[in-house]
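This report refers to the structure that appears directly beneath it.
The values are calculated or read from the model by the stated rules, or taken from the named source; none is laboratory data. Only a predicted model underlies this, so the values are computations on that prediction, with no experimental measurement involved. Positions of Cβ are backbone-derived with ideal geometry, glycine not excepted, and every protein chain shown enters the neighbour counts.
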Amino acid sequence: MSDVLSQNEIDNLLKALNSGDIDVEVMNNVADGDVKNYDFKRPSKFSKEHLRTLELMFEHYGRLLSTNLPVYLRKNVQVNVAYSESVTFNEFTNSLANPSILSIVQFDPLPGDIIINLTSNLGFVMVDRMMGGPGKALDKVRDFSEIEIHILEKLMVISMQLLREPWKNVIEINPILDRIETNPQFAQIIAPNEMIAIVTLNIKIGDVEGFMNVALPFITIESVIDNLNTKFWFSNMTNYSEDVYNEYIEGMLKRVDVPLKCLLGKSNVTVADFTNLSVGDIIRLDTNVESALEVYVGNIRKFTAIAGASNDKYAVKVTSVIREEE
C-alpha cells in the first residue's frame, strides 16, 4: 500500500468518519499501539534480512572450517551458527572475557577492519593439538605466551582466508591479518557507539566446546549492505560441476600430512644387551645394504625401496608400489 493517499481515498475516509462507520478513538488507539520508541543513539542499521543472509554465509563458512581445521588439528571439528545480532561495539567488547583471542583483520577492498574473536579455551586446545598434545582445556585460565600467539596466528590466517569463498557472492575480498590481541581494550577498531553485526559460531574440537564471534562493523560493509539479501546472494551462487568439485576435493586431500617411515631391518637382542647399549655400538640387522626395504604410510605397507644417500643425507629410493590387492 502506498504511503501517500489518493484524492479518492481521502474522500472515502472523510465520508466514513462523517457517517460514523469509523470510530476516531479506535483509530487513535490502533495508531498508539503501533508507535515504537526509536533510539537515535543506537539506530537499527542491520535489518533481519541482513542478519539472516549473514547467517547463511557463515553456515557455509562453518562447513569450510569443519573441513579444513581437522587437517591441522588432527581432531574432529564441528561448527554451526549459533545466532546473529546487531549491537554497539561497546556492548560487544564489554561482553568479552580477558584473556580472549581477538584477530584484527583488514577486510580489503572494503574499508576498515573486522574482528574474529575466539574463546580462550578453544585457543589453548588448538595450541595443545598443534604441539602434539591430546587437546584438553586448561583447568585454570591464564594469559597466552608469545609462542602460543605465533602458533595461533597460523590457524587464524587459515580460518581468515576461508572467508573468501562465502563472501564471493557479495564481493571478492582479500582478508589480511593485522594482529592478534588478547585484551579487548586494545582492539578498539571503531567508535564505541558504532553499530556492528555479530555472527556467533559454536565450535566443538573433540570434547571441548566454545564460541567464535565475527564482528562486522556497519561502516565496513556499508557499501555492500544492499547486497546482503538472500535473493541477491542465491542469485550469485556459482553452480560447480562434478569435475570441478572432484578437483577441489583432490586438492584438499593432497594437502593432508601423512606419516612416512622406512623399516631398515629387524634384530633380536636380549634385555641385558639392550640396557647396556651406548653411543657407538653396532646392532646387526637381518638385511644388507642391497636388500629391498619396506616403506609404510601410517601402518600400511605401501612401497619397497633401496637405501642410499642424497645431498649428504640418508635416503631411500622407491623401487615399487604395493597395491591394495597385494
Inset, instruction - Name every residue in region 171-190 that is loosely packed, with under 12 Cβ neighbours inside 10 Å and part of a loop (DSSP other than H, G, I, E, B), in order of residue number. - result: Glu172
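Pull up region 167-187, narrow it to residues that are touching a Phe, Trp or Tyr at 6+ places or on another chain (Cβ under 8 Å) and modelled with pLDDT under 85, then point me to the one that is farthest from Val71 (Cα to Cα). Walk me through how you get there before you give the answer.
Filtering region 167-187 down to residues touching a Phe, Trp or Tyr at 6+ places or on another chain (Cβ under 8 Å) leaves 169-170, 173, 175, 182.
Among the residues that remain, those that are also modelled with pLDDT under 85 are: 169-170.
Values: Asn169: 26, Val170: 28 Å.
Checking each candidate, the answer is Val170.
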Legend entry - Any hit, region 228-247, residues being assigned by TED's automatic domain parsing to the domain that holds Glu85, at pLDDT 65 or above and touching an Asp or Glu at 6+ places or on another chain (Cβ under 6 Å): yes
Inset, instruction - List every residue pair whose Cβ atoms sit under 6 Å apart, with the two residues 6 or more apart in sequence or on different chains, where the first one lies in region 133-160 and is within 30 Å of Glu172 (Cα to Cα) and assigned by TED's automatic domain parsing to the domain that holds Lys204 and the second, anywhere, is among the small types (Gly, Ala, Ser) and assigned to a helix (DSSP H, G or I). - result: Leu152/Gly123
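Mind telling me which of the residues Val35, Val26, Val77 ends up being at pLDDT 85 or above and of a type in the set (A, V, I, L, M, F, W, C)? Walk me through it before giving the result.
On the way: Val35 fails: at pLDDT 85 or above; Val26 fails: at pLDDT 85 or above.
One residue alone meets the criteria, Val77.
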Inset, instruction - Please name all residue pairs, on different chains or six or more residues apart, with Cβ atoms under 6 Å, provided the first residue is in region 188-201 and is at pLDDT 85 or above and the second residue is surrounded by fewer than 17 Cβ atoms within 10 Å (Cβ to Cβ) and hydroxyl-bearing (Ser, Thr, Tyr). - result: Thr200/Tyr83
Inset, instruction - Tell me, please, whether a residue that is surrounded by 13 or more Cβ atoms within 10 Å (Cβ to Cβ), part of a loop (DSSP other than H, G, I, E, B) and of a type in the set (Ser, Thr, Tyr) can be found in region 303-319. - result: no
Inset, instruction - Return only the number of the condition from (1) surrounded by 14 or more Cβ atoms within 10 Å (Cβ to Cβ); (2) farther than 29 Å from Thr88 by Cβ that Ile198 does not satisfy. - result: (2)
Legend entry - Residue among Asp226, Asp139, Asp143 that is under 24 Å from Glu49 (Cβ atoms), more than 21 Å from the chain's Cα centre (by Cα) and among the charged types (D, E, K, R): Asp226
